[in-house]
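Have a look at the structure below before the remarks.
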Amino acid sequence: MTIDYKHKIEHSQVYDVAKKTPLEFQPNLSARIHNRVLLKREDMQPVFSFKLRGAYNKMASLASDVLKRGVIAASAGNHAQGVALAAKKLKCRAIIVMPTTTPAIKVNAVKARGAEVVLFGDSYSDAYVKALELEKSEQLTFVHPYDDPEVIAGQGTIAMEILNAHPEPIEAIFCCVGGGGLLAGIAAYVKAVRPEIKVIGVEAKDAEAMTESFKQGKRVMLEQVGLFADGAAVKQVGEHTFALAQQFVDEMIVVDNDAICAAIKDVFEDTRSILEPAGALATAGLKEYAKRHGLTDKTLIGIASGANMNFDRLRFIAERAEVGEKREAVLAVTIPEQAGAFKAFCRLLGERNITEFNYRYSDPKFAHIFVGVAIADPAESAKLVSDLQAQGLPTLDLSDNEVAKLHLRHLVGGHAPQAKNEVVFRFEFPEKPGALMKFLDTMGHDWNISLFHYRNHGADFGRVLVGMQVPPNDMKAFSAFLDNLGYPHWDETHNPAYKLFLA
């Protein structure tokens, strides 16, 4: 039976707990991208996220005897808080299964709303399996974070509010995408009421389950997902959400972490509010879409979907925002190792501000310097590289080099000729006790660790750069070690930045 989502959305029971959030004009961002940008401020909900709409609508639709037995959910973040708040309002029992890696701030927020928390497993998938077990044994009702018609309808009330608040022409509405509940609800309503408005989904790079599913015409299961935008890090979109997205969504946009950081800064500059990475996805996608399609003087609306940010992550975001907005170029420049060379190099930069400079003596003839330079636009970066090379200074643009931005800027210190047979890998470790010991125990061989860099960014995972001395005849065993370890990893042995500064 076909579901009439327009009717379902218009009769959703969300306003006992949710509020109609403002649709706010963003003057600074609008001026910079030459379009009229408005944000739907779902970060202003009582749980700082849109998720309570769908959770409450689902739970309020349950029969009284079913509700009396209680509900259960699996979540590491915003859905958990939505279910907990809804249960408090409806006076029913709620159990939330959360991964053991969940930051304490999120666990405490759920407990504070009266829900019972069960910590289980290392990932959402582990927590989900445990929740299904408890659903049966405790005779509870599972509240899915996205793949449920009642949840989808609850999220769709956002679109109803947008269209009621803005009867003037709208070019496109942008939604972050994890499992697809928000996108499906908004798209279903918009296309039923004002089909001329485009609905665009936005995903984080390395977590583009909906984009890949669109390409293949079926739901795709990703092997692993990038965790920076953890609120939207889902390996497979829902059945209901995918069917609705196929029918109603106009386009998918994928953005990288730097673009997300830049979007967080954009929103802060206009609102003085700080969105979480998933909450800023729509803004990042909106900017990319306007650039890609050469839009000017159009009305573009983004959903500011959440603001449950770990404070510690701001350090990483601040570092990357300028690069993401293309307002900083990160370069490796080779200059003569002689008196006055650095002064001559700075003179070539003109009035540009140096944002970072790293150097250590390692060669009597040449100096490899790692430098950040403030720029006005992306074209200036290419011109700067060209100008420096024209002056006989070999220059490499590292602005898109993940190893350089994450690790090398903190490691620049000279070469290690004694580190024979060195291989260099970038890993993502779970941010929990024992992650490093698992790495060392799994390694098991006598491979010497010749380089190690880790920096806490306040996320649920740690970014680590490791150099190991692995003889050529051990490479088969080394490949087996990587497979057994199971951590996301990238081979950076031939990364040009590593070659210049550390090899």
Per the charge dipole of the chain (beta-carbon charges, Lys/Arg positive, Asp/Glu negative, Cα centre), the residue among VAL190, ALA87, ALA209 reaching farthest to the positive end is ALA87
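Quick check on the chain: helices-only [θ] at 222 nm, where DSSP H runs of length 4 and up contribute -39,500 (n - 2.57) each and the sum goes over total residues. Nearest 500, please.
Numbers: 20 runs with 204 residues, N = 503.
It lands at -12000 deg cm²/dmol.
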Note the angle between two axes, namely the Cα long axis of helix 149-165 and the longest principal axis of the Cα atoms of the chain, as a number of degrees from 0 to 90, rounded to the nearest 10.
-> 80
In degrees, nearest 10, range 0 to 90: what is the angle between the Cα axis of helix 78-90 and the longest Cα principal axis of the chain?
-> 20
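Go ahead and run the numbers for FRET between TRP490 and LYS89, Cβ-Cβ distance against an R0 of 60 Å, rounding to 0.05.
Working: r = 45 Å, r/R0 = 0.75.
For R0 = 60 Å, the calculated efficiency reads 0.85.
Which order, highest average first, do 218-225, 92-99, 277-284 follow once you tally other Cβ atoms within 10 Å for each residue and take the mean per peptide? Intermediate values should be presented prior to the final figure.
On the way: 218-225: 14.2, 92-99: 23.2, 277-284: 31.4.
Those peptides, ordered most packed to least, come out 277-284, 92-99, 218-225.
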Say each of SER386 and GLN216 gets a label point 7 Å from the Cα, pointing the same way as Cα to Cβ; how far apart are those two points in nm?
-> 4.2
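Roughly what % of DSSP beta bridges within the chain run antiparallel, to the nearest 5? Walk me through the numbers before you get to the answer.
Numbers: 39 of 68 bridges.
About 55 percent, rounded to the nearest 5.
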Distant-in-sequence amide H partners of LEU119 (H built 1.01 Å from N, under 5 Å) | MET98
Rounded to whole Hz, the Karplus (6.51, -1.76, 1.60) HN-Hα couplings of the range 191-196, x for glycine and proline = 6, 7, 9, 9, x, 6
Convex hull volume per residue for the range 51-142, taking Cα atoms only, in Å³ = 72
In whole Å and largest first, what semi-axes does the C-alpha gyration tensor of the range 326-400 yield when each eigenvalue is scaled by 5 and square-rooted?
-> 20, 12, 11
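Hey, can you rank 417-426, 178-187, 147-156 by average C-beta count inside 10 Å, highest first?
Details: 417-426: 15.4, 178-187: 31.4, 147-156: 26.8.
Order by mean packing, descending: 178-187, 147-156, 417-426.
What FRET efficiency do you get for THR355 and PHE452 if R0 is 22 Å and r is their Cβ-Cβ distance, rounded to the nearest 0.05? Can you show the working numbers first?
Working: r = 26 Å, r/R0 = 1.19.
Using R0 = 22 Å, I get an efficiency of 0.25.
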Relative contact order in percent for the chain (Cα pairs under 8 Å, 6+ apart) equals 13
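Could you sort the peptides 45-56, 161-172 by per-residue average Cβ neighbour count (10 Å cutoff), highest mean leading? Display every interim value, and only then the final one.
Values: 45-56: 27.2, 161-172: 15.4.
So the peptides 45-56, 161-172, ranked by packing, come out 45-56, 161-172.
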Taking +1 at the Cβ of each Lys and Arg and -1 at the Cβ of each Asp and Glu, which of ILE9, SER30, ALA382 sits farthest along the dipole of the chain towards its positive end, judged by Cα position relative to the Cα centre?
-> ILE9
Karplus-derived 3J(HN,Hα), 6.51/-1.76/1.60, for each residue of the range 43-60, Hz, glycine and proline x = 5, 9, 5, x, 9, 6, 6, 6, 4, 5, 4, x, 4, 5, 4, 5, 5, 5
Over the Cα atoms of the range 218-321 the radius of gyration and the largest Cα-Cα distance (Dmax), both in Å, equal 14.7, 41
Reported label for calculated Rg and Dmax of the Cα atoms in Å given (i) 29.3, 103; (ii) 24.7, 83; (iii) 21.9, 72 = (ii)
So, with +1 on the Cβ of K and R and -1 on the Cβ of D and E, and no other charges, what is the size of the charge dipole of the chain about its Cα centre, to the nearest 20 debye?
-> 960
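Sort the range 91-139 into rounded, prolate or oblate with this rule: let a ≥ b ≥ c be the square roots of the eigenvalues of the Cα gyration tensor; rounded if a/c is under 1.5, and if a/c is not under 1.5, prolate when a/b is larger than b/c, oblate otherwise. All intermediate terms of the calculation are to be shown ahead of the outcome.
Details: a/c = 3.28, a/b = 1.05, b/c = 3.11.
In terms of gyration-tensor shape, oblate.
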Which is farthest toward the positive dipole end of the range 51-142 among SER64, ILE105, VAL129, measuring Cα position about the Cα centre, with Cβ charges +1 (Lys, Arg) and -1 (Asp, Glu)?
-> SER64
Quick one: if you stick a label point 7 Å off each Cα along the C-beta vector at ASP122 and LYS365, how many nm between them?
-> 4.7
Short version: ³J(HN,Hα) in whole Hz for each residue of the range 125-139, in order, from phi by Karplus 6.51 cos²θ - 1.76 cosθ + 1.60 (θ = phi - 60°), x for Gly and Pro, what are they?
-> 4, 4, 5, 4, 4, 5, 5, 5, 5, 5, 4, 6, 5, 9, 6
Starting from the Cα of ARG292, step 7 Å along the direction of its Cβ; do the same at GLU269; then give the gap between the two resulting points in nm.
-> 2.3
Hey, what angle do you get for helix 239-248 against the long axis of the chain, alpha-carbon based, 0 to 90 degrees rounded to 10?
-> 80
So ARG315 and LYS476, fully extended at 0.36 nm per residue minus their Cα-Cα distance, gain in nm 54.1 nm
Rounded to the nearest 0.05, what FRET efficiency is calculated for THR100 and ASN421 with R0 set to 45 Å and r the Cβ-Cβ distance?
-> 0.75
Coordinate range along principal axes, alpha carbons of the range 275-367, Å, largest first = 55, 35, 20
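Each value in this text was obtained by applying a stated rule to the coordinates, not by laboratory testing. This is a predicted model, so every value here is computed, not measured. Quick reminder, even Gly has a Cβ in these numbers, built from the backbone with ideal geometry, and neighbours come from all protein chains shown.
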